[in-house]
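Here the structure is laid out as structure tokens; the discussion comes afterwards.
The values are calculated or read from the model by the stated rules, or taken from the named source; none is laboratory data. Keep in mind it's a predicted model, so treat the numbers as computed, not measured. Here Cβ is always computed from backbone atoms with ideal geometry, including for glycine, and neighbour counts include all displayed protein chains.
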Amino acid sequence: MGTRAEPPAAHPERRDCMQLTLNVNGAKRVVEAEDETPLLYVLRNDLKLKGARFGCGLGQCGACTVIVDGAAVQSCDVPVSAVLGKSVTTIEGIGDDKRLHPLQQAFIEHQAGQCGYCASGIIMAAKALLDANPAPSEGEIRKALARNLCRCGTHQRILRAIRSARVAGEGAR
Amino acid sequence: MSEATQTEAPRKLPGSLDANRRLDRWLRINIDGTVTIFPGKIEIGQGILTALVQMVAEELDIAPERVRLAPASTAYSPNEGITSGSRSIQEGGIAMRYAAAEARELLLERAAARLGVSLEQLNVADGTVNARSGGSVTYWELTSDDLLRREATADIPPKAAAQHAVVGTSFRRVDLPAKVTGIPTYVHDMELPGMLHGRIVRPPSRRARLKDVPADEVKAMPGVVAVVRDGSFLGVVAEREEQALRAQRRLARVSQWDESPSLPESSDPRYLLKMSSEDEVISEKADAGAAACETHRIEAEYSRGLMAHAALGPSCAVASCEDGGFSVWTHSQGIFPLRTDLAKVLGVDEARITVTHVEGSGCYGHNAADDVALDAVLLARAVPGQPVRVQWMREDEFGWEPYGSGMVVRMSGAVDDAGRIVNWSHELWSHGHSTRPGPKNGANLLAAWHLAQPVKAPTPGNPPLPGGGSHRNAIPLYDFPNQRITNHLIREAPLRTSSLRGLGAHANVLAIESFMDELAHAAGADPIEFRLRHLKDGRARAVIEAVAQKAAWRTREKGDGTRGRGVGFARYKNLACYVAVIVEIEAGHELQVKRAWAAIDAGQAINPDGIINQTEGGIIQTVSWTLKEQVKFDRHRVQTLTWDDYPILTFPEAPEIDVVLINRPDDPPLGAGEGAQGPTAGAIGNAIYNALGVRLRDMPFTRERLIAAMAA
Ligand code: FES
Ligand code: FES
């Protein structure tokens, strides 16, 4: 023990490891992974997209939320094989520090973060909601976030940010 | 500059400057137009770094955008102990302020010489020093390596509040843009060349010992690089994260353990009453004349169960072992104490270990951050030259983090016929509230206790008064002629307990504030007026009056059988911020807090919005704690392992909150991060009584408990 194992292709037991072609943030990405690998690990470790975060691995907290074909999906709970041929969007795909998405802008505007660990998952859940329903009610927003936890208690600021993006972003999409 | 001679005993310097006296430990003026600061306090989501940037920019007269933050590291940062107890501004912030003020003075001296004018002729605008007679020079031209290579004197007073332009404004959080765009931020996101992934298989129960593990079959699994066993410590290293996870699952299934029961019969914290305790009367006042006037006496017992910090991101660390030395990246709240304990466990000199802070998910006290750092180090030692990232799973975090202690509080008190409290007794039972790394003997790191050659856990600690641990906020701020406060400290804990935001304040203030309402009821008084009746402290009165006004409190207002409101108050630790909270509850299908109002006085507000943010967060978290949260166990095992077992407040349930900030720019800043916990708990209990006429005294106040109380 203590030495690094052979690279994947030469590994005799890596029978299930295969080349998978994904569509992530509008680009074709080829990764080598077993097909039941949770999408979260492929995004974070193979594609180095760290914005989707590990919180539970059980589909209970929403820290890992990304958008797959328009729907908010908990990427810890989905095998990578389930998104083949589908379009995956992560927080990195919606804006960056130079061109913020209206939701990202609103989170900064309303200072909607403490530790921020929940933020990217919540922004993605909110984006999926606003894309489908540009003018959701307060109740609809809260319901769309029912599976996203925030342990720091930043809920009211987050709700305020989403409400403001709802108005500001209307028609822009 | 200071004429003080070097031979005198060193003078006490402000805050953390006293223990870290070199100016260049704190900041560096760079030739590229930036200033690097080296805080020893760390970001745990509370916004401290933003406040420090503001304080330094203020003293140096530069734009805050010029300030760069160096991650805290044992390699070069000032040793500021642990980031906890709402002390960061008073310790780290004050030190930074004096260091920056002195740096500015040194720069001005150079500028005066360069420009051939006297100091009084100079003013500074964003790092450019201008002489009144014309001529200017920048900090970036004036600086040199030796500028701050000297001891601080603290002789240059920081600016007075009236001169502040950046401090006292709601400057935006410096860390937020990265966090909302998904830029790697947390230790969880780290990547190092050749990095491997580790997972730990914890014992199935507290006393379990590892008998046998068929390591070979796991070693043969795809991607597995090492199976590490040392006594009852068992871990696995693999190339890919999912491979490590699968190997962990397999190891857990096939390993054999000897188990024996070690936990109390029930998760009810009243097991504490049967254990042997260290008993101490921590406050006593006697006035026989007043005591004799008592006309109405009541007694009540309150409790809270064992609680989890339950960080959203389970703890994580990265470590590597190179030539017998170790590098560790961690979200620990105390990199120096962690290094001390790591050195004990590894049997190496502290100088061989570098511990660097990288942010984690919000922690709310001592969680598993330190423990996972040792896990990573132990796995890295088995694969020298290759860094290992260890991620605790959700079940590891719930199952093994150091919990917030269960507590039981017995109150007894009496009023006279004028409606004044004449007797007050508060007796509490709790485990200690600190098992952080860095004790004199032993090591406070989980894996250390499981090794074949264990480094034992020390006797659990309990922070002393005046701040206190289990007895934090047990001494009321109210003025009573007779009082007796007794702390029963039960050191031996069946499950490890340590500091959880607020420590004992959550349960002690729940008890005090509920009992104040119970006595107010006995005296037929309005709860707000009743509190003011017993309070001399003007700042305490001011927050209570402010929250009553904000919430439009009506004297003796009554709930309607479904909705009701209640108030709670405390001065955190009896020496930090003052907070008063009113909540409105609704008992429909579920018991919910619908709205909350708060007033906070934290002295000088460095960043008003930061204080408001912390207060809102504290309220929401406490609503969650108080209505929902308890860690459950049976005789062998902790039964709380996932969010299903430990539900917390969700978006559909989050109350609306209005916070009033009372800013006192001329007073010292007071810690503000933990002030809302106690008052919010008290307000919830009082609101339930106000709405429904039943008193819940055992947290969490679940629907089941409410139904049972209403049926009784
Ligand atoms: S990490 Fe995916 S839901 Fe928690
Ligand atoms: S801001 Fe920390 S979990 Fe939401």
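Has the range B:414-432 got any residue that is part of a loop (DSSP other than H, G, I, E, B), within 14 Å of chain A (Cβ to nearest Cβ) and buried (at least 24 other Cβ atoms within 10 Å of the Cβ)?
no
Find the strands (runs of 3 or more DSSP E) located wholly in the range B:92-155 whose residues include 3 or more that are surrounded by 15 or more Cβ atoms within 10 Å (Cβ to Cβ) and modelled with pLDDT of 95 or more, and list them. Give the steps one after another, and end with the answer.
Details: elements: B:122-125, B:128-131, B:136-138.
Correct list: B:128-131, B:136-138.
Consider only pairs whose beta carbons are under 7 Å apart and that are at least six residues apart or on different chains; among these, list those whose first residue lies in the range B:434-449 and is more than 20 Å from B:R501 (Cα to Cα) and whose second residue is among the polar types (S, T, N, Q) and modelled with pLDDT under 95.
Sorted first by the residue in the range B:434-449, then by its partner, the list stays empty.
Where in the range B:173-265 are the strands (runs of 3 or more DSSP E), entirely inside, with at least 3 residues that are more than 14 Å from chain A (Cβ to nearest Cβ)?
Where strands (runs of 3 or more DSSP E) fall fully within the range B:173-265 and carry at least 3 residues being more than 14 Å from chain A (Cβ to nearest Cβ), they are B:209-212, B:256-258.
Can we say B:L519 is crowded, with 24+ Cβ neighbours inside 10 Å and either among the β-branched types (V, I, T) or within 24 Å of B:S283 (Cα to Cα) (or both)?
Criteria met by B:L519.
Just give me the residues in the range B:624-648 being within 8 Å of chain A (Cβ to nearest Cβ) and either in contact (Cβ under 8 Å) with a residue 12 or more places away in the chain or buried (at least 21 other Cβ atoms within 10 Å of the Cβ) (or both), in sequence order. Walk me through it before giving the result.
Pass one, the range B:624-648, residues within 8 Å of chain A (Cβ to nearest Cβ): B:624, B:642-644, B:648.
Across the range B:624-648, the qualifying residues are B:S624, B:T642, B:W643, B:I648.
Which ones in the range A:69-124 are within 15 Å of ligand 2 (Cβ to nearest atom) and assigned to a loop (DSSP other than H, G, I, E, B)?
A:H110, A:Q111, A:A112, A:G113, A:Q114, A:C115, A:G116, A:Y117, A:C118
How many residues does the range B:553-577 contain that are outside any strand (DSSP E or B) and under 17 Å from B:Q592 (Cα atoms)?
So the answer is 4.
Looking at A:G116, A:G59, A:G55, which is the one that is at positive phi, crowded, with 24+ Cβ neighbours inside 10 Å and within 16 Å of ligand 1 (Cβ to nearest atom)?
Only one candidate passes the filter, namely A:G116.
Examine the range A:76-87 for a residue that is at pLDDT 95 or above, buried (at least 16 other Cβ atoms within 10 Å of the Cβ) and within 8 Å of ligand 1 (Cβ to nearest atom), and state whether such a residue exists.
yes
Please give the number of the condition B:P464 fails out of (1) surrounded by 19 or more Cβ atoms within 10 Å (Cβ to Cβ); (2) out of contact with any Pro (no Cβ under 8 Å at 6 or more places or on another chain).
Answer for B:P464: the failing condition is (1).
Evaluate the following for A:E140: is it more than 16 Å from ligand 1 (Cβ to nearest atom), over 24 Å from B:G45 (Cα atoms) and within 11 Å of chain B (Cβ to nearest Cβ)?
Yes; evaluated as a whole, the condition is true for this residue.
Test each condition in (1) in contact (Cβ under 8 Å) with a residue 12 or more places away in the chain; (2) touching a helix residue (DSSP H, G or I) at 6+ places or on another chain (Cβ under 7 Å) for B:F651 and report the one that comes out false.
Of everything listed in (1) in contact (Cβ under 8 Å) with a residue 12 or more places away in the chain; (2) touching a helix residue (DSSP H, G or I) at 6+ places or on another chain (Cβ under 7 Å), B:F651 misses just condition (1).
Condition first: within 30 Å of B:R539 (Cα to Cα), touching a Ser or Thr at 6+ places or on another chain (Cβ under 7 Å) and surrounded by 20 or more Cβ atoms within 10 Å (Cβ to Cβ). Can you find one or more residues in the range B:484-491 that meet it?
Yes: the range B:484-491 contains one or more residues that are within 30 Å of B:R539 (Cα to Cα), touching a Ser or Thr at 6+ places or on another chain (Cβ under 7 Å) and surrounded by 20 or more Cβ atoms within 10 Å (Cβ to Cβ).
Mind checking which residues of the range B:127-165 are free of Cβ contacts under 8 Å to residues at least 60 places away in the same chain and β-branched (V, I, T)?
B:T128, B:V129, B:V137, B:I156
If a residue must be at the interface with chain B (Cβ under 8 Å from one of its Cβ atoms) and either within 16 Å of ligand 1 (Cβ to nearest atom) or assigned to a loop (DSSP other than H, G, I, E, B) (or both), how many such residues does the range A:24-46 contain?
Result for the range A:24-46: 5.
When residues of the range A:51-68 are filtered for being within 19 Å of B:R394 (Cβ to Cβ) and either within 16 Å of ligand 2 (Cβ to nearest atom) or of a type in the set (D, E) (or both), how many remain?
11
Can A:G153 be described as outside the structural domain of A:A52 (by TED's automatic domain parsing), within 16 Å of ligand 1 (Cβ to nearest atom), of a type outside the set (S, T, N, Q) and on the phi > 0 side of the Ramachandran plot? Show your work before the answer.
Values: outside the structural domain of A:A52 (by TED's automatic domain parsing): yes; within 16 Å of ligand 1 (Cβ to nearest atom): no; of a type outside the set (S, T, N, Q): yes; on the phi > 0 side of the Ramachandran plot: yes.
So A:G153 fails the test.
Out of B:E284, B:E301, report the one residue that is of a type in the set (D, E, K, R) and surrounded by fewer than 14 Cβ atoms within 10 Å (Cβ to Cβ).
Values: B:E301 fails: surrounded by fewer than 14 Cβ atoms within 10 Å (Cβ to Cβ).
Matching residue, one of B:E284, B:E301: B:E284.
Can you tell which of B:L374, B:L379 is farther than 25 Å from B:F633 by Cβ and either touching a residue at least 60 places away in the same chain (Cβ under 8 Å) or more than 16 Å from ligand 2 (Cβ to nearest atom) (or both)?
B:L379
List the number of the failed condition for B:M307; all other conditions in (1) over 29 Å from B:D370 (Cα atoms); (2) touching a residue at least 60 places away in the same chain (Cβ under 8 Å) hold.
Result: B:M307 passes all but (1).
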